[in-house]
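The structure appears below as structure tokens.
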Amino acid sequence: MGIAVIVIVVLLGGVAVLAAAKPDTFRVERSIDIKAPPEKILVFIEDFHRWGLWSPYEKLDPSMQRNFSGAATGKSSVYSWASDGKAGAGRMEITDVSPSRVLIQLDFSKPFESHNLAEFTLTPSGDATNPDTKVIWAMYGPNLFIGKVMSLFFDTDKMIGGDFETGLANLKAQAEKTD
């Protein structure tokens, strides 16, 4: 019995030391090229009502409770959600919008509390007859101790990044549709 306790304490101590050595911040990002001008893409990002058309998180729980408040679109637009399923609960508020960037304060309350930023950058290339825009979806913020411990067992970049890749592919499909 005593040896088992010592082994458990040593293992927990090792996990704590490894976790403490992890970076204090994190950043996950993915990008995609979309054959559309930035203004055609921006309408899907700055309007939370349109996120259901492309965001993979909207499909996690069909019975998720959604609430829209603040501005209808753009800066000060707010979207909150609550789910008993995988989607958890939280709130997003657009804090800045320009033709090339949308910045969102992202606050989770479930499954655990965290406060991060989500950022979309849109970099145009091509010309009026052949528009192309590189869209980057990033999330970054503090890497709290619980996040550091989780990163020892789960590849957070791969998990979140996979969702971003799906969302960006969906966004591309929406933005490249002809009017």
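Things to note:
- Of all the numbered requirements in (1) over 23 Å from SER114 (Cα atoms); (2) modelled with pLDDT of 95 or more, THR178 misses one, and that requirement is (2).
- Residue in the range 59-81 that is within 26 Å of LEU144 (Cα to Cα), of a type in the set (D, E, K, R) and over 17 Å from the mean Cα position of the chain (by Cα) present: no
- Evaluation of ALA87 against the conditions (1) closer than 25 Å to LYS177 by Cβ; (2) of a type outside the set (Val, Ile, Thr); (3) within 14 Å of the chain's Cα centre (by Cα) shows that the sole unmet condition is (1).
- Test result for ASP132, more than 19 Å from LEU53 (Cβ to Cβ), of a type in the set (Asp, Glu) and in contact (Cβ under 8 Å) with a residue 60 or more places away in the chain: yes
- Strands (runs of 3 or more DSSP E) enclosed by the range 92-179 - at least 2 residues per element that are polar (S, T, N, Q) and either surrounded by 16 or more Cβ atoms within 10 Å (Cβ to Cβ) or touching a helix residue (DSSP H, G or I) at 6+ places or on another chain (Cβ under 6 Å) (or both): 114-126
- Test: residue in the range 39-48 that is exposed (fewer than 14 other Cβ atoms within 10 Å of the Cβ) and either in a strand (DSSP E or B) or among the charged types (D, E, K, R) (or both): yes
- Condition met for ASP61 (buried (at least 16 other Cβ atoms within 10 Å of the Cβ) and in contact (Cβ under 8 Å) with a residue 12 or more places away in the chain): yes
- Qualifying residue in the range 64-76 (condition: farther than 18 Å from GLN105 by Cα and not small (Gly, Ala, Ser)): yes
- Of all residues in the range 123-140, those that are at pLDDT below 85 and of a type outside the set (Ser, Thr, Tyr) total 4.
The values are calculated or read from the model by the stated rules, or taken from the named source; none is laboratory data. Small disclaimer: the values here were computed from a predicted structure and weren't measured. Ideal geometry is used to build each Cβ from the backbone, glycine not excepted, and the neighbour counts take in all protein chains shown.
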